[in-house]
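The values are calculated or read from the model by the stated rules, or taken from the named source; none is laboratory data. These figures come from a predicted structure and were not determined experimentally. Virtual Cβ from ideal backbone geometry, glycine too; neighbours counted across all protein chains shown. Accessible surface areas use protein heavy atoms only, side chains included; no ligands, DNA or RNA. Shrake-Rupley method; radii C 1.70, N 1.55, O 1.52, S 1.80 Å.
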Amino acid sequence: MRRSWLLSLCGLLAPLASLAAAGGVVNAYVPLATNLPLGAARYRTLLIATNTGGSAASLGVAFLAGGADGGTVNPQPASFAIPPGSTLRLYDSVPAGARGMFELSGPPEIVVSARVEAQAANGNLLASAEVPVISAGGAIAAGQHVELLGLEQSAGGAGSDFGLLNLGASPAHCTVAAYRADGSRITNPVNLTIFARSAADFTGALPRLGQTAIKDARFDVTCDQMFGTYALVYRSGGPETVVLGPAAQMDGTLTPDDDGSFHFNLPGQFANGATYAAYDLPLGDGVQYSHARIEFDLYLNRWHTPFPGNPNYETVASFRRAASKRQDRVLYWGLILKGSGDYRTLLDLGLPPGSTGPDGTTLKSGKGPWQERTNYHLVMDYDALAGTIVFEAYQAGTLVQRMTGSINNSDISNLANQPVRVDFSAVGVGDGAYFPTTGWLYSNLAVTLTPRPH
């Protein structure tokens, strides 16, 4: 099992798989890249990048103008060398009078944030607001609905711009439904077509819908390609500037027990395999956990079509501690199913602490029970005290596979900027043989972590 693949899935700037076909590796997007006058102010986007690694690294920055067809336009990124431990500020990467988005590329040791700033004519800073940086984990899956809340418009006062990003390799067909604060619909849903790998900006979004005096409007947004969206709410020439991202969904539960156990649940379908899905677990500060039980339902749709000599591995799920530096990452377990031959099950148990070898410990089953278009219930029982893992697969309530083995990593705890995470599918194809589980359905996730006894 190649350590380089499984441990690199969760880098902060993991490549967005949909762009592999476009001929370039893009690790993240900044949805609002602007250098425009607005009233008496000039709005510009600032990039801040830090190299957290121990050697020099380069950040690639490409500007895609709003409305440009990213399927045919491939701007050459500008490259910026960042010494180890250093921070770089980029103020002028957008041409004057332009607005669009940034494509960013670089190693996972580079971390990036972005801001939009309003400057007065004399150069004084009038306002500053954080702009989301969309990496693989933050991209919105095709078909998913997200909500933008708090849009407003007033005469001579606040205004709202609306932005959409198509992160897919094909044109996106999107639908936007607008609502008032009381839930009534402002107008019929608007259908938009966005070029592949491109941004579309709609200034004065609410007046376009006939609304010149409204507060707390809501946009419901969905697209048939992987996408991103935002709203810029501002008061022209004034200090009020806010960039709104999609609102959080109350689709899971975070419940500690009286004994300190931690529960994380996502009822219903929570992932479709087409897009990498990761959930950082907000564990107690300084708490060591002795036992992690993770279970979910899986609908195995279709295997990737195999070709000669390829074992056709499907990257199902993993439990890990994420980190920006490779040497700090910990893989507790990774579940992989072989989509050819004996259809066996593989459990990658990562590397022991302090090991620098390329390959970790892998448990392999004999002939597997896996069949296309079949539902399974999967259970992972990870016991850090006993040093063991138990994997069980059920079909229609009947146990169809059980595997046990010894674990390599017993420290289950969050560290600073290194969260414990459970994730599903993959951001792309690894080592030419490890595929995302496109079209497979994940449902009813239940995570329970028990603290170590004192």
Which one is surrounded by the most Cβ atoms within 10 Å (Cβ to Cβ), of the residues in region 320-364 that are at pLDDT below 90 and outside any loop (DSSP other than H, G, I, E, B)?
ARG326
How many residues are within 20 Å of the chain's Cα centre (by Cα) and modelled with pLDDT of 70 or more if we restrict to region 245-266?
5
Log entry, pairs with first residue in region 102-117 being under 26 Å from TYR234 (Cα atoms), second being in a strand (DSSP E or B) and acidic (Asp, Glu), beta carbons closer than 8 Å, six or more apart or on different chains, reads SER113/GLU130; ALA114/GLU130; ARG115/GLU130
Out of region 277-296, which residues are part of a loop (DSSP other than H, G, I, E, B) and within 22 Å of ASN444 (Cβ to Cβ)?
LEU281, PRO282, LEU283
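Residues that are of a type outside the set (Gly, Ala, Ser) and open to solvent by less than 50 Å² (accessible area, probe 1.4 Å): which strands (runs of 3 or more DSSP E) entirely in region 60-157 hold 3 or more of them? Step through it out loud before you land on a result.
Values: elements: 78-82, 87-90, 98-105, 110-119, 125-131, 146-153.
It comes to 98-105, 110-119, 146-153.
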ASP161 of a type in the set (Asp, Glu) and either open to solvent by 50 Å² or more (accessible area, probe 1.4 Å) or in a loop (DSSP other than H, G, I, E, B) (or both):
no
Any hit, region 408-422, residues being more than 24 Å from ASN312 (Cβ to Cβ), surrounded by fewer than 18 Cβ atoms within 10 Å (Cβ to Cβ) and in contact with a Gly (Cβ under 6 Å, 6 or more places away or on another chain):
no
Quick count over region 273-302, residues being more than 19 Å from GLU392 (Cα to Cα) and modelled with pLDDT of 85 or more, is 11
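Would you call THR212 surrounded by fewer than 18 Cβ atoms within 10 Å (Cβ to Cβ), in contact (Cβ under 8 Å) with a residue 12 or more places away in the chain and of a type outside the set (Phe, Trp, Tyr)?
yes
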Within the set of pairs 6+ apart or on separate chains, which have a first residue in region 331-360 that is farther than 27 Å from THR438 by Cβ and polar (S, T, N, Q), a second that is open to solvent by 20 Å² or more (accessible area, probe 1.4 Å) and outside any strand (DSSP E or B), and C-beta atoms under 9 Å apart?
SER355/ASN408; THR356/GLN327
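Quick one: how many residues across region 174-201 are closer than 30 Å to PHE102 by Cβ and either at pLDDT 90 or above or open to solvent by 80 Å² or more (accessible area, probe 1.4 Å) (or both)? Outline the logic, then answer.
As a first pass, look at region 174-201 and keep what is closer than 30 Å to PHE102 by Cβ: 174-178, 189-201.
Next, only the ones that are either at pLDDT 90 or above or open to solvent by 80 Å² or more (accessible area, probe 1.4 Å) (or both) stay: 174-178, 189-195.
Number satisfying all stated conditions: 12.
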Please pick out the residue among ASP297, ASP280 that is over 22 Å from GLY432 (Cβ atoms) and open to solvent by 60 Å² or more (accessible area, probe 1.4 Å).
ASP280
